[in-house]
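The values are calculated or read from the model by the stated rules, or taken from the named source; none is laboratory data. Predicted model, so just to flag it, every value in this text is computed and none were measured. Cβ placement follows ideal geometry from the backbone for every residue including glycine, while neighbour counts extend to all protein chains displayed. Protein only, heavy atoms only, side chains kept; ligands, DNA and RNA dropped before computing areas. Shrake-Rupley method; radii C 1.70, N 1.55, O 1.52, S 1.80 Å.
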Amino acid sequence: MATFNKFDSFVEALAEKVHNLGSDVLKVMLTNSAPVASNTQKSQLTEIGAASGYPAGGSQATLVSSAQTSGTYKLTLNDVTYTAGAAIGPFQYAVLYNDTATNKELIGWWAYTSSISLAIGESFVIDMDAANGVLTIGP
């Protein structure tokens with residue numbers, strides 16, 4: 001499983017009410033260009049081209065839970081699966097962003113070890129880690 005990396009601006013955007021992780025539409029887009037921690041919004045990244053099985057802007061990561069326990073917040077999302085109806089890729093990064101936010105602010109990304117291309121009928125799953133959640137905030 002790829003490791004989740006948080007964009008630096010996410011913490012400030014969260015504190016300044018840009019994100020409501022419990023109700024905003026969060027999406028996962030694919031790119032073959034490496035994100036950097038200082039990126040702040042979707043427009044700073046180069047998304048792969050839309051194809052059958054991959055919509056422009058990526059797919060929604062639906063909410064499982066957004067809650068805190070003993071002062072630690074955990075965001076849990078359903079896995080996102082792309083199934084190629086036409087060739088998809090190449091891509092090496094999956095980027096989680098807030099589609100509801102005015103500037104499509106970035107949250108984080110997963111980096112895979114090498115570029116991936118999907119042939120017709122192949123699927124790729126972004127594992128949102130049901131046990132530990134996508135991200136936690138707290139002590």
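One table, with the values for the structure above:
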| item | result |
| --- | --- |
| The chain, accessible surface, carbon-and-sulfur percent (1.4 angstrom probe) | 50 |
| Residues residue 67 and residue 40, FRET efficiency given R0 of 30 Å [Cβ-Cβ distance, rounded to 0.05] | 0.65 |
| Mean residue ellipticity (222 nm) of the chain, computed from DSSP H runs ≥ 4 via -39,500 (n - 2.57), nearest 500 | -1500 deg cm²/dmol |
| In nm, spacing of pseudo-spin labels at residue 23 and residue 130 (7 Å Cα→C-beta vector) | 2.8 |
| Förster radius 35 Å - calculated FRET efficiency between residue 2 and residue 120, Cβ distance, rounded to 0.05 | 0.90 |
| Around residue 135: net Lys/Arg minus Asp/Glu count, Cβ-Cβ under 10 Å | +1 |
| Simple Cβ-charge dipole of the range 20-139, Lys/Arg +1 and Asp/Glu -1, about Cα centre, in debye nearest 20 | 160 |
